[in-house]
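Have a look at the structure below before the remarks.
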Amino acid sequence: MAGASAVPVPASHLDAARDAEPATRAANAAMAAPLPFSDVADFEAAKRGLIAPVPAGMVRTAGGTVLWNLGEYAFIDGELAPATVNPSLWRMARLNMANGLFKVTDRLYQLRGFDISNMTVIEGASGLVLIDPLTTAEVSRAALEHYFAHRPKKPVVAVIYTHSHIDHYGGVRGVVDEADVKAGKVAVIAPAGFMEAVSGENVLAGPPMMRRAQFQFGSMLPRGPRGQVDAGLGKGVARGTPGLIAPTRTIAQPVEEHTIDGVRIVFQLAPETEAPAEMHMFYPRLGVLNMAENACPLLHNFIPLRGAVARDPRIWAKYIGEAIDLYGPGTEILIGQHHWPVWGRAAAVDYLEAQRDLYKHIHDQTLRYMNKGWRPAEIAETIDLPPALAGRWSVRGYYGTVNHNVKAVYQRYLSWYDANPCNLHPLPPAPAAAKFVEYMGGAAAVIARARADFARGEFRWVAQVMKEVVYAQPDNSEARALCADALEQMGYQAESATWRNAFLYGAQELRHGVFQIPARATMGADTLAGLATDVFFDLMAIRLDPAKAAGQSMVLNWHFTDRSEKLALTLKHCTLSHRMGQWSEQAAASITTARATLDAIVLRRTTAPEAMAAGDLRIEGDASKFALLFGMLEQPAGFMFDVLTPGEGR
């Protein structure tokens, strides 16, 4: 998961929301009817072992800025769902209110409800082993302080990242000092490929992911029965300062056992599952199996709405099956880095078997229909879970959905193209929309028909057809309003928190426009420093403006003294390419510096002339080429681009 921090949004945005239409009330009642709402075992499990809740339900900075506030969800106060919230989602929204310090078993504790993810604490012989230090330093620090308020204060001796999503590593600087890591006092442990995965998912496509994440998490929606109620994996993503400390130890073998401060841990790598780099852990002496984020009590995403490389549910199911075989006989408690535990060996194995079969069923049935020639949307409308799975709360689609996961499987195997040549080279959305609206008799005629369909509860179609009018005429206020109304009703019906958030945030932007937030860097210093130099120059290449590079050709040598790395960077055909480990005799200039110095220049903490004056940057040959190169690179633009309308230049 990649996060999206919340910012204050005017309450008037929520006031503009409509009530649930009769069709929405009927749809929610119909979907809720067969579900086992009398089963309250999850509510008991979510509260079991509570020592103390999050103090005042809130985390603030020293200056008083609120970074996390469960009080925003005080409206979630009863079993009966409002008409504007899917009853099943309302149930999960209530469960995700469980918060505080929990004792899972002797020596193992969890801090839940400080962020979207959990921080697990294992008490070792002399110190603490922390697993997944949340998203930001401030909330991670507050969570650990809450632990120390109720347990003996011991030093942190190890931090373990279960996988490469920011809510599982971003808060590391709140719980350990990098100086202690460098001195060997604190080990930082992660699965193989962790740093590459952090770079790949969050850097090269970082800005659009951040924008899309606003829709997935509803971070800029007001909280309330007609706004954001949950994020599926938790209430939402905490604000604050994310960071990264690179691992000092990498788990590289499929199964490895280590003893860390007296705690035996068996690591099981599970790559290309929920994250490109992920691992499970079994603690034999505690009888606890930690499945990281691969077996949450819900259906996860094969592609999240924020975007990512399509995940492989076949491999995902395989690693869950392996965990059952390897650790099931010794497991007394099952935990994850989201939500609450499962107690009892039989219950844990049963739970994992359902998770295994959930992912495999969607994968296999999608392939079955693909092999009959069915198209993505057709398969997505046809496949459902078998009754033995669909009736279990732990596989409901609060985060992912069967519908969009089916499309992810199709994409993974056959790409975006459905093989119909009519869809191979269509007009772009805006000109196509103009032609559609013209063919349908003009905007007024389309809107009139859509209003009749809205009254019949055909919200999906209304949103679909109004999108065409909005793309054809972005300033058509009537079309925008009707599209917003349709999206809103779809949000009220959605069981998935991410679908609800996306629909409602889409409605909000259609009504109020794009909410501009203060410009900020899309990549922090820790992330930049953690980039492999190979990826750093890939990032430079995607920022090259071909218009500025037209007619230019050159080769630059680079030598990074702090990493003992050399490379040759070539500009040709308005394209940057580089070769690691190479050194060109034909280079126009050779640049010697530290990667840390180049990072500082990119972050605008210094300039090239200042670095040269300080002796931190040396250029042999034509020094003007350095400035020429950086003059061709686009500065990162703000990521609050249009999503619901064509946008400028499209």
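The values are calculated or read from the model by the stated rules, or taken from the named source; none is laboratory data. Given the structure is predicted, the values throughout are model-derived calculations rather than measurements. All Cβ positions, even for glycine, are placed from backbone atoms using ideal geometry, and neighbour counts span all protein chains on display. To get the accessible areas, we keep the full protein, side chains included, count just its heavy atoms, and leave off ligands, DNA and RNA. Shrake-Rupley method; radii C 1.70, N 1.55, O 1.52, S 1.80 Å.
Please state which one of Leu617, Leu571, Leu567, Leu633 is touching a residue at least 24 places away in the same chain (Cβ under 8 Å), hydrophobic (A, V, I, L, M, F, W, C) and closer than 20 Å to Met523 by Cβ.
One residue alone meets the criteria, Leu633.
On the given criteria, is Pro152 under 29 Å from Asp261 (Cβ atoms), open to solvent by 20 Å² or more (accessible area, probe 1.4 Å) and part of a loop (DSSP other than H, G, I, E, B)?
yes
Looking at Leu367, Leu358, Leu385 in this structure, which one is open to solvent by 20 Å² or more (accessible area, probe 1.4 Å), aliphatic (A, V, I, L, M), in contact (Cβ under 8 Å) with a residue 12 or more places away in the chain and part of a helix (DSSP H, G or I)?
Leu367
Looking only at segment 158-198, which residues are part of a strand (DSSP E or B) and open to solvent by 10 Å² or more (accessible area, probe 1.4 Å)?
Ala187
Out of the residues in segment 276-291 that are hydrophobic (A, V, I, L, M, F, W, C) and in contact with a Pro (Cβ under 9 Å, 6 or more places away or on another chain), which is surrounded by the fewest Cβ atoms within 10 Å (Cβ to Cβ)?
Val288
Could you say whether any residue in segment 459-474 is out of contact with any Asp or Glu (no Cβ under 8 Å at 6 or more places or on another chain), under 16 Å from Gly218 (Cα atoms) and at pLDDT 95 or above?
Looking through segment 459-474, none of the residues is out of contact with any Asp or Glu (no Cβ under 8 Å at 6 or more places or on another chain), under 16 Å from Gly218 (Cα atoms) and at pLDDT 95 or above.
Has segment 296-308 got any residue that is over 28 Å from Ala541 (Cβ atoms), hydrophobic (A, V, I, L, M, F, W, C), open to solvent by 10 Å² or more (accessible area, probe 1.4 Å) and in contact (Cβ under 8 Å) with a residue 40 or more places away in the chain?
Scanning segment 296-308 turns up no residue that is over 28 Å from Ala541 (Cβ atoms), hydrophobic (A, V, I, L, M, F, W, C), open to solvent by 10 Å² or more (accessible area, probe 1.4 Å) and in contact (Cβ under 8 Å) with a residue 40 or more places away in the chain.
Determine if segment 508-516 includes at least one residue that is free of Cβ contacts under 8 Å to residues at least 40 places away in the same chain and either open to solvent by less than 20 Å² (accessible area, probe 1.4 Å) or more than 25 Å from Ser199 (Cα to Cα) (or both).
Yes; the residues of segment 508-516 include at least one that is free of Cβ contacts under 8 Å to residues at least 40 places away in the same chain and either open to solvent by less than 20 Å² (accessible area, probe 1.4 Å) or more than 25 Å from Ser199 (Cα to Cα) (or both).
With the condition kept exactly as written, say whether any residue in segment 533-542 is touching a Cys at 6+ places or on another chain (Cβ under 6 Å), open to solvent by 10 Å² or more (accessible area, probe 1.4 Å), within 21 Å of Gly631 (Cβ to Cβ) and not in a loop (DSSP other than H, G, I, E, B).
no
For residues in segment 407-429 being closer than 22 Å to Val469 by Cα and assigned to a helix (DSSP H, G or I), which is nearest to the chain's Cα centre (by Cα)?
Pro429
Under 7 Å between Cβ atoms, which residue pairs at least 6 apart in sequence (or on different chains) link something in segment 20-44 that is over 17 Å from Arg91 (Cβ atoms) and at pLDDT 95 or above with a partner that is assigned to a helix (DSSP H, G or I) and open to solvent by 40 Å² or more (accessible area, probe 1.4 Å)?
Thr24/Gln493
In segment 28-38, what residues are within 13 Å of Ala83 (Cα to Cα) and open to solvent by less than 40 Å² (accessible area, probe 1.4 Å)?
Asn28, Ala32
Against the condition under 30 Å from Ala20 (Cβ atoms), open to solvent by 40 Å² or more (accessible area, probe 1.4 Å), in a helix (DSSP H, G or I) and in contact (Cβ under 8 Å) with a residue 12 or more places away in the chain, how does Arg226 come out, does it pass?
Criteria not met by Arg226.
Being part of a helix (DSSP H, G or I) and either out of contact with any Phe, Trp or Tyr (no Cβ under 6 Å at 6 or more places or on another chain) or of a type in the set (Val, Ile, Thr) (or both) is the filter here; which residues of segment 371-382 pass it?
Matches in segment 371-382: Ala377, Glu378, Ile379, Ala380, Glu381, Thr382.
Residues of segment 72-96 being part of a loop (DSSP other than H, G, I, E, B) and not β-branched (Val, Ile, Thr), which ones?
Ala74, Phe75, Asp77, Gly78, Glu79, Leu80, Ala81, Pro82, Ala83, Asn86, Asn96
Pick from segment 80-126 the residues that are touching a residue at least 60 places away in the same chain (Cβ under 8 Å) and acidic (Asp, Glu): which of them is surrounded by the most Cβ atoms within 10 Å (Cβ to Cβ)?
Looking at residues that are touching a residue at least 60 places away in the same chain (Cβ under 8 Å) and acidic (Asp, Glu), I get Asp115.
Could you pull out the residue among Ala452, Ala481, Ala444, Ala432 that is open to solvent by less than 30 Å² (accessible area, probe 1.4 Å), on the phi < 0 side of the Ramachandran plot and part of a helix (DSSP H, G or I)?
Of Ala452, Ala481, Ala444, Ala432, the one residue that is open to solvent by less than 30 Å² (accessible area, probe 1.4 Å), on the phi < 0 side of the Ramachandran plot and part of a helix (DSSP H, G or I) is Ala432.
In this structure, does Gln489 turn out to be polar (S, T, N, Q) and open to solvent by 30 Å² or more (accessible area, probe 1.4 Å)?
no
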